[in-house]
Amino acid sequence: MKRFWLINLVLFQLCWFISAYFTAVALPALALIIMIHFLLSPTPKGDGRLLLLVPLGIAVDKVLIDLNLLSMQDNAFPIWLGLLWCIFIISFNHSLKWLMSLHLLLIALIGAIAGPMSYRLGVEMGALTFGWSNANALLTLSLVWCVLLPILAVCFRYVVRTELTKRGV
């Protein structure tokens with residue numbers, strides 16, 4: 001499917017929207033959407049390999065929750081957030097592939113802006129709250145995502161290169 005990037009974009013945004021607005025049903029909804037992604041994906045094996053990067057994102061959010069920068073119900077790490085990381089990471093192979101090919105400094109700048117914006121929208125929609133002042137939370141998230149997104153991009157490039165090498169491409 002040449003235009004699968006568009007399907008992935010819609011599925012990714014749907015996951016984000018459900019997570020932000022309907023956290024009570026996010027777990028089964030995101031699990032279903034991710035299954036749909038893998039059923040339709042032209043690269044399910046490659047997408048599956050990218051899931052190796054998900055623990056890094058989960059670990060970062062877990063630290064942010066432990067530091068009380070992010071507050072969730074019961075202050076426990078919600079499984080739906082882990083699934084949101086899954087669809088985000090596999091989007092690197094599709095709708096976010098353009099991002100993964102940019103220079104790392106540009107990726108860092110995009111991360112510093114887009115990362116905190118995503119969390120801020122999640123706060124405004126009621127999916128989570130900041131345990132710190134808005135300014136401190138957003139500044140810290142900006143620094144975290146300025147580093148995290150380029151790390152994810154480098155890891156993505158390594159996984160993709162390793163996969164191409166195995167296929168002899």
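Where a number appears in this text, it was derived from the coordinates with a stated rule and is not lab data. On a predicted model such as this, the values are computed, not experimentally measured, just so you know. Positions of Cβ are generated from backbone atoms using ideal geometry, with glycine treated the same way; all protein chains shown enter the neighbour counts.
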What is the magnitude of the charge dipole of region 8-106 about its Cα centre, with +1 placed on the Cβ of each Lys and Arg, -1 on the Cβ of each Asp and Glu, and no other charges, expressed in debye to the nearest 20?
300
May I ask for log10 I(q)/I(0) of the chain at q = 0.13, 0.15, 0.18, 0.19 Å⁻¹, from a Debye sum over the Cα atoms as equal point scatterers with solvent left out?
-0.63, -0.84, -1.21, -1.33
For Ile113, Ile18, ascending order of other Cβ atoms within 10 Å (fewest first) is Ile113, Ile18
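Could you tell me what fraction of 2.2 N^0.38 Å the Cα radius of gyration of region 1-54 comes to, as a two-decimal ratio?
Normalised by 2.2 N^0.38 Å, the Cα Rg of region 1-54 equals 1.16.
Once you charge only the Cβ atoms, +1 for Lys and Arg and -1 for Asp and Glu, what is the size of the charge dipole of the chain about its Cα centre, to the nearest 20 debye?
Working: 11 positive and 6 negative charges, 164 e Å.
So the dipole magnitude of the chain works out to roughly 780 debye.
Consider all pairwise Cα distances in region 75-169 and report the whole-number % of them above 16 Å.
On the way: 2796 of 4465 pairs.
The answer is 63 percent, as a whole percent.
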Counting pairs of Cα atoms in region 94-143, how many percent are more than 18 Å apart?
39
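Can you sort Thr43, Thr23, Thr129 by how many other beta carbons sit within 10 Å, fewest first? Walk me through the numbers before you get to the answer.
On the way: Thr43 16, Thr23 19, Thr129 13.
Lowest count first: Thr129, Thr43, Thr23.
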At a Förster radius of 25 Å, what calculated FRET efficiency corresponds to the Cβ-Cβ distance of Arg157 and Asn136, to the nearest 0.05?
0.15
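Let me make sure I get this right: for region 28-67, a, b and c are the square roots of the gyration tensor eigenvalues over alpha carbons, sorted descending. Under 1.5 in a/c it's rounded, otherwise prolate if a/b > b/c, else oblate. Which is it? Write out the running numbers ahead of the final one.
Details: a/c = 5.66, a/b = 1.84, b/c = 3.08.
Since a/c reaches 1.5 but b/c is at least a/b, the shape of region 28-67 is classed as oblate.
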